[in-house]
Amino acid sequence: MGKKGSSGRWLQEHRKDEYVLQAQREGYRCRAVYKLLELLERDQMIKRGQRILDLGAAPGGWCQVASKLLGPEGQIVAVDLLEMEPIEGVTFIKGDFREDEVLERILSSLQGEANLVMSDLAPNISGIRSVDQSRCMYLAELALDCAAKVLTPGGSFVTKLFHGEGFDLYVKNSRSMFSQVKVKKPRASRSRSRETYMVARGYEV
């Protein structure tokens, strides 16, 4: 099936997707909120008054969830290359967090540290599995590196991963940085997708 046929099938599935419909009913910006909500069911990583960094935040679904849990005394800094519609209590930075100038703005907004770093980063998919896997793991490495720069001791990190080359080593390396590391596939992740999420807690400086 060509790209045009694949895109048409995806759009058809998307319109009928139970999580897409639920997000529309409940006022969320994307179906990805249900992935985060499930990850938070057992791991209560977000507490009132915390500081959170959300990488690859647009369109802002995860920020919507986090802002409700943080309360008005909490703070979220959201970063993305794409524009994001404003959310009350969220500081949005448009740019590449790998750039020194953007990182300085992140650190300044967070007043130096975060209790939780969330990353739902994903590359543009080429359809070539080896290339896409490499790009996915590269983004995950960048997110982990950024987390190491901003997390407070004992902080948490949630990131999207894809099963394939580099996955096991990434999780192994993360275990040397956090006291607890779990890998989970939320029900809201499409069954045919290799997508999964790593939840790491207890950052050890």
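Here are a few things to note about the model shown:
- If you go through region 78-103 and pick out every residue that is farther than 23 Å from residue 46 by Cβ, free of Cβ contacts under 8 Å to residues at least 40 places away in the same chain and in a loop (DSSP other than H, G, I, E, B), you end up with 6.
- Counting only residues that are closer than 26 Å to residue 103 by Cα and either without any contact (Cβ under 8 Å) to a residue 12 or more places away in the chain or surrounded by fewer than 16 Cβ atoms within 10 Å (Cβ to Cβ) (or both), region 180-195 holds 0 of them.
- Test result for residue 167, surrounded by 14 or more Cβ atoms within 10 Å (Cβ to Cβ), among the aromatic types (Phe, Trp, Tyr), in contact with a strand residue (DSSP E or B) (Cβ under 8 Å, 6 or more places away or on another chain) and at pLDDT below 95: no
- On the stretch given as region 105-127, residues that are touching a Gly at 6+ places or on another chain (Cβ under 8 Å) and within 25 Å of residue 33 (Cβ to Cβ) total 8.
- Per-region count, region 182-199, residues more than 16 Å from the chain's Cα centre (by Cα) and modelled with pLDDT of 95 or more: 0
- Selection from region 196-205 of residues that are touching a residue at least 60 places away in the same chain (Cβ under 8 Å) and aromatic (Phe, Trp, Tyr): 197
- So residue 130, is it of a type outside the set (Lys, Arg) and either closer than 24 Å to residue 33 by Cβ or part of a loop (DSSP other than H, G, I, E, B) (or both): no
- The one condition in (1) more than 25 Å from residue 25 (Cβ to Cβ); (2) of a type in the set (A, V, I, L, M); (3) at pLDDT below 95; (4) touching a Gly at 6+ places or on another chain (Cβ under 9 Å) that residue 70 fails to fulfil: (1)
- Residue match in region 146-163 (condition: modelled with pLDDT of 95 or more, buried (at least 19 other Cβ atoms within 10 Å of the Cβ), part of a strand (DSSP E or B) and of a type in the set (Gly, Ala, Ser)): yes
- Pairs are defined by a Cβ separation below 6 Å, a sequence spacing of at least 6 or placement on different chains, a first member in region 158-177 that is touching a residue at least 40 places away in the same chain (Cβ under 8 Å), and a second member that is surrounded by 15 or more Cβ atoms within 10 Å (Cβ to Cβ); the pairs so defined are 158/118; 158/199; 159/119; 159/140; 159/143; 159/198; 160/120; 160/197.
- Tabulated pairs, region 66-77, first more than 11 Å from residue 88 (Cα to Cα), second part of a strand (DSSP E or B) and at pLDDT 90 or above, C-beta under 6 angstrom, 6+ apart or interchain: 66/52; 66/76; 77/53; 77/91
- Residue that is nearest to residue 76 (Cα to Cα) [pool: residues in region 104-144 that are exposed (fewer than 13 other Cβ atoms within 10 Å of the Cβ) and in contact (Cβ under 8 Å) with a residue 60 or more places away in the chain]: 111
- Every residue from region 94-117 that is more than 22 Å from residue 71 (Cβ to Cβ) and in contact with a strand residue (DSSP E or B) (Cβ under 8 Å, 6 or more places away or on another chain): 94, 95, 97, 102, 105
The values are calculated or read from the model by the stated rules, or taken from the named source; none is laboratory data. All values reported here derive from a predicted model rather than from experimental measurement. Note: ideal-geometry Cβ built from the backbone for every residue, glycine included; neighbour counts use all protein chains shown.
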